[in-house]
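All of the numbers you see were taken from the coordinates with simple rules; none came from a lab. A quick note: this is a predicted structure, and the numbers were derived from the prediction, not measured. Because the Cβ atoms are built from the backbone with ideal geometry, glycine has one as well, and the counts that use them run over all protein chains shown.
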Amino acid sequence: MKKTLTLCMCVLILSCAGGQPAPDWKMRGYRHLEEYKQSFLSGKEDAAEPHFEKARRAFAAGNDLEWLSLAFLTQFALHTACLERFDTAPFARLYRLAPTASHMAYCHFLKGNLSAVDPALLDNRYADFLKAAQAADSPRAVLALQNIDDPLSRLIAAGVWIRYLPGNEAISQMAIDTAAANGWRRPLWAHLSALSVHYESQGETEKGRLVKERLELIKQQYNKAGRREAAGAD
């Protein structure tokens, strides 16, 4: 059976350990990975990284290289959703010791190596988007993204397009709407910034200015509210 890297599949793996309860270390690692995901997307950097390190330690304690690989792929996917660079060296070392073809397919997808991705090894939800991206067909990509029900998967796919393919207003706007609907500050700010840059590169300076002004206002209000909360806690 083809292995996928979605968190839904992770839950399934954890709950089906041969009829036996999943080991404590695996449950602990999974919980920390979920906390990492939520903290990362919410822009809580100070909280995110400790959860990732605890997840790594839990999986290492169980001598499970597959779950260590999944942890790094989760990290890479979140960076992609936020249009950020990432270093694949830790994953590559794990892959040499415990190669899983579907893991490498997902890594290629996240790095924009689209011609190297075997569609049969990638999560089915990305199938139509992958075809569109491989053909650099932006209208088809927009439709494919609209048909991805899971918001994080949609945001990851949008991140792949925006990072590695020509900028597209509709895809950027979809990413912004997805991040905003879920209260995910880190990708929201990243995609607003990317859209502003896209407009400016297309000579639409007024649109770019308005998006940039909107982002600055949002940041200002967020930071001001944060300072008030901190003062109230003292």
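Quick one: order Asp87, Asp46, Asp64 by neighbouring beta-carbon count within 10 Å, fewest to most.
Arranged by neighbour count, lowest to highest, Asp87, Asp46, Asp64 become Asp46, Asp87, Asp64.
Could you list Met27, Met104 so that the one with the fewest beta carbons within 10 Å of its beta carbon is first and the one with the most is last?
In order of increasing Cβ crowding within 10 Å: Met27, Met104.
What is the local net charge at Ile148, summed over the other residues whose Cβ is closer than 14 Å to its Cβ (Lys, Arg +1; Asp, Glu -1)?
Its environment carries a net charge of -1.
Which whole-Hz ³J(HN,Hα) couplings does segment 187-194 yield from phi under the Karplus relation 6.51 cos²θ - 1.76 cosθ + 1.60, θ = phi - 60°, glycine and proline marked x?
Taking θ as phi minus 60°, the curve returns x, 4, 5, 5, 6, 5, 4, 5 Hz for segment 187-194.
Around His51, what is the net charge, scoring Lys/Arg as +1 and Asp/Glu as -1 over all other residues with Cβ under 14 Å from its Cβ?
Local charge sum for His51: +1.
Within a Cβ distance under 13 Å of Glu169, other residues only, what is the Lys/Arg minus Asp/Glu net charge?
Taking every Cβ under 13 Å from that of Glu169, the sum is -2.
Sort Trp25, Trp184 by Cβ crowding within 10 Å, fewest neighbours at the top.
Listed from fewest to most nearby Cβ atoms, that is Trp25, Trp184.
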